[in-house]
1. When the dipole is taken about the Cα centre of the chain, and only Lys, Arg (+1) and Asp, Glu (-1) are charged at their Cβ, what size is it in debye, to the nearest 20?
2. Just to confirm, what accessible area per residue do you get for the chain at 1.4 Å probe, in whole Å²?
3. Could you tell me how many degrees, from 0 to 90 and to the nearest 10, lie between the Cα long axis of helix 2-103 and the main elongation axis, the longest principal axis, of the Cα atoms of the chain?
4. Of the accessible area of the chain, with the probe set at 1.4 angstrom, what percent is carbon plus sulfur?
5. Give the whole-number value, in cubic angstrom per residue, of the convex hull volume spanned by the C-alpha atoms of the stretch 37-78.
6. Restricting to DSSP loop positions (anything but H, G, I, E, B) with no more than 10 other Cβ atoms inside 10 Å of their own Cβ, which trypsin sites (Lys or Arg not before Pro) remain in the stretch 1-84?
7. Just want the answer: with Cβ charges of +1 for Lys and Arg and -1 for Asp and Glu, which residue in Ser81, Met36, Ala69 is farthest toward the dipole's positive end in the chain?
8. Write down the Å³ per residue value for the convex hull defined by the alpha carbon atoms of the stretch 17-104.
Amino acid sequence: LQTRNLTVQHTTALEELRARLEKEMANQRAQLQAEMQRQAEADATTIAELEEKLAKAGDKARQLTQELATSHSNYERASASVTRLELELASLRARLEEETAAHA
């Protein structure tokens, strides 16, 4: 009878221990799932922020490319104007020399 009581007590203690372990495992699983969810949300936020920054950087790159193209076009026009003025100046000098030589 005493052995039977010890066996019952031992079995009861084991069942209680198993129940506590299962409860603890369930709690840890729930905590882990909650932490994984929080981390996934944080990662999604970080990704969204990085995508936004990347989009802004792309917009800025397009703007700077356009500004560079405009500057280059302005430079080309200015260079052509300088060349044209240099030719006109050379022509005027030549005419001045001709007229100076004619009156000499």
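The values are calculated or read from the model by the stated rules, or taken from the named source; none is laboratory data. All values derive from a computational prediction rather than experimental measurement. So basically every Cβ, Gly included, is an ideal-geometry build from the backbone, and we count neighbours across all protein chains shown. Ligands, DNA and RNA are excluded from the accessible area calculation, which covers all protein heavy atoms including side chains. Shrake-Rupley method; radii C 1.70, N 1.55, O 1.52, S 1.80 Å.
1. Roughly 640 debye, rounded to the nearest 20.
2. With all protein chains present, the chain gives 93 Å² per residue.
3. 0
4. It is 58 percent, rounded to a whole number.
5. Convex hull of Cα atoms, per residue: 26 Å³.
6. Answer by residue number: there is no such site.
7. The Cα lying farthest towards the positive end belongs to Met36.
8. Numbers: hull volume 5.7 nm³, N = 88.
Once divided by residue count, the hull of the stretch 17-104 is 65 Å³.
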